[in-house]
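Below: one structure, written as structure tokens.
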């Protein structure tokens with residue numbers, strides 16, 4: 001079974017089409033869920049947007065549920081292969097959804113533990129012949145009973161034919177064959193890079209039937225995420241602060257292009273705005289009121305933006321310096 005989900009491209013981060021601004025049609029029957037599974041689905045439902053990603057998860061759950069029922073009744077049922085590829089830019093929710101999926105699989109009895117091991121190239125690839133296989137096998141061993149999540153998985157083959165990353169891929173392919181019943185691999189990364197990575201590794205791609213694309217958040221969804229993050233910290237944006245945030249996000253989306261960080265960008269901005277507010281209030285002559293302690297204004301947002309822009313500029317300078325060294 002191959003599930004290929006494609007989310008609509010959002011030109012310059014405009015609003016999602018109306019068809020995607022509603023709950024999926026294939027909502028699960030939560031009245032029949034266990035308490036543990038219901039709790040995990042509540043986490044999923046709290047995520048802003050990601051409607052077709054949620055539909056993807058509901059479809060997987062339904063497939064697992066019916067496959068289990070068919071086996072119980074003695075009917076023919078294909079082995080449940082749930083290895084997945086998550087396509088999307090940073091901050092689009094891939095890691096968060098992977099953690100939720102691991103819990104769902106455990107609650108449904110697909111995985112015995114339901115934990116997730118999150119790794120990247122450096123955790124798998126060694127520095128000499130044989131070291132990579134050892135490191136990769138160790139990570140697979142840690143993930144047995146759960147999910148092994150590899151971010152920026154395309155980097156495993158970035159060094160050409162002689163790169164040790166290809167040895168890691170061979171170990172992963174073998175692990176998928178040896179541990180079919182209690183091990184799930186999820187590979188994640190940018191859309192184009194992951195497509196090229198899979199095309200260059202047919203043995204790997206043929207064993208991964210589930211493909212899920214994570215679209216960039218729309219501007220309205222990014223503002224919802226910011227509101228949620230502020231509320232969790234017991235802050236709130238005033239009207240001028242919201243206008244400043246909206247203006248900055250529009251600018252970032254246009255200028256950053258493929259490098260825009262989605263929800264990760266929002267988290268950094270929210271945290272920087274809270275620090276800017278603290279500096280402003282600490283310098284005031286009078287002790288702040290409860291209202292003032294909670295309010296984020298236009299100045300806080302602007303200070304946060306300047307701080308983050310300066311930090312990003314320094315990082316870029318360091319990257320250029322290292323490249324030219």
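The values are calculated or read from the model by the stated rules, or taken from the named source; none is laboratory data. Keep in mind it's a predicted model, so treat the numbers as computed, not measured. Positions of Cβ are generated from backbone atoms using ideal geometry, with glycine treated the same way; all protein chains shown enter the neighbour counts.
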Report task. Return the residue satisfying two criteria in turn: it lies in the stretch 207-232 and is touching a residue at least 60 places away in the same chain (Cβ under 8 Å) and touching a strand residue (DSSP E or B) at 6+ places or on another chain (Cβ under 8 Å), and of such residues it is nearest to residue 256 (Cα to Cα). Result -> 214
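Take residue 274 and decide whether it is within 21 Å of residue 187 (Cα to Cα), modelled with pLDDT of 90 or more and touching a helix residue (DSSP H, G or I) at 6+ places or on another chain (Cβ under 9 Å).
no
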Query raised in the report: Do we have residue 193 as assigned to a loop (DSSP other than H, G, I, E, B), at pLDDT below 95 and more than 22 Å from residue 43 (Cα to Cα) here?
Result: no
Query raised in the report: Out of all the residues in the stretch 162-173, is one or more out of contact with any helix residue (DSSP H, G or I) (no Cβ under 9 Å at 6 or more places or on another chain), part of a loop (DSSP other than H, G, I, E, B) and free of Cβ contacts under 8 Å to residues at least 40 places away in the same chain?
Result: yes
Requested in this report: Find the residue count for the stretch 233-250, including only residues that are at positive phi and either free of Cβ contacts under 8 Å to residues at least 60 places away in the same chain or not assigned by TED's automatic domain parsing to the domain that holds residue 268 (or both).
Outcome: 0
Query - Failed item in (1) at pLDDT below 90; (2) over 16 Å from the mean Cα position of the chain (by Cα); (3) not assigned by TED's automatic domain parsing to the domain that holds residue 147, with residue 228 passing the rest - result: (1)
Report task. Could you list all residues from the stretch 274-298 that are in contact with a strand residue (DSSP E or B) (Cβ under 9 Å, 6 or more places away or on another chain) and either touching a residue at least 40 places away in the same chain (Cβ under 8 Å) or assigned by TED's automatic domain parsing to the domain that holds residue 88 (or both)? Result -> 274, 277, 294, 295, 296, 297
**Report entry** Flag if residue 140 is buried (at least 20 other Cβ atoms within 10 Å of the Cβ), part of a helix (DSSP H, G or I) and in the same structural domain as residue 35 (by TED's automatic domain parsing)
**Finding:** yes
Report summary line: Here the residues within the stretch 143-161 that are closer than 24 Å to residue 192 by Cβ, in a helix (DSSP H, G or I) and either over 19 Å from the mean Cα position of the chain (by Cα) or touching a residue at least 40 places away in the same chain (Cβ under 8 Å) (or both) are 153, 154, 156, 157
Report task. Please indicate, with yes or no, whether at least one residue in the stretch 251-261 is farther than 23 Å from residue 189 by Cα, part of a helix (DSSP H, G or I) and touching a residue at least 12 places away in the same chain (Cβ under 8 Å). Result -> no
